[in-house]
């Protein structure tokens, strides 16, 4: 669900002179530390590191790394999580069961609202989440489940039934197919005609 408005500068289009970070993708973002200062992360992610997504990926093809930039920023007193993913992943075609590459390149922008009263401050097309529904309150710090939110968006991006445009359905034959006898369907009726 991409929703980065065209008229707004994308939060992930950061300065091209920034060095690529080699740190692994964080599981969480500590909101108490980064909500007001902003948070940026850039790196590569292997699709198999997402637990729910890994179950849908093919094992017959090596998964390429996804390029990703992410930014937590505040605009008009609303917190946003924006990220850009560039790359593809390999799933199984639901017809022929062979690997198929699915492009998931897109820009994502999710408004993170403190409560329902902020809903009117975002555009109708803007994706949003209520922070109290996604932030863990099991720890002393408020943790935004960054990796899970990214995985949610990827799962929404891939088709429910992936298939090649031009493939035949795979059918396995077990045993011999019996030859059909060309029997007249009315022969049984004809034999009953004389008996009635």
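Annotations for the structure displayed:
- Test: residue in segment 181-196 that is at pLDDT 75 or above, in a loop (DSSP other than H, G, I, E, B) and out of contact with any helix residue (DSSP H, G or I) (no Cβ under 6 Å at 6 or more places or on another chain): no
- Reported count of residues in segment 1-45, each being in a loop (DSSP other than H, G, I, E, B), closer than 21 Å to residue 131 by Cβ and at pLDDT 55 or above, is 8.
- So residue 129, is it within 23 Å of residue 146 (Cα to Cα), assigned to a strand (DSSP E or B) and at pLDDT below 90: yes
- Among the residues of segment 115-135, those identified as within 22 Å of the chain's Cα centre (by Cα) and touching a residue at least 60 places away in the same chain (Cβ under 8 Å) are 125, 126, 127, 131, 135.
- Segment 68-114, residues that are free of Cβ contacts under 8 Å to residues at least 60 places away in the same chain and closer than 14 Å to residue 40 by Cα: 69, 74, 79
- The residue that is nearest to the chain's Cα centre (by Cα), among those in segment 76-113 that are under 22 Å from residue 148 (Cβ atoms) and outside any strand (DSSP E or B), is 104.
The values are calculated or read from the model by the stated rules, or taken from the named source; none is laboratory data. Keep in mind that this is a model prediction, so the values were computed, not measured. Reconstructed Cβ throughout: ideal geometry from the backbone, glycine too, with neighbour counts over all protein chains shown.
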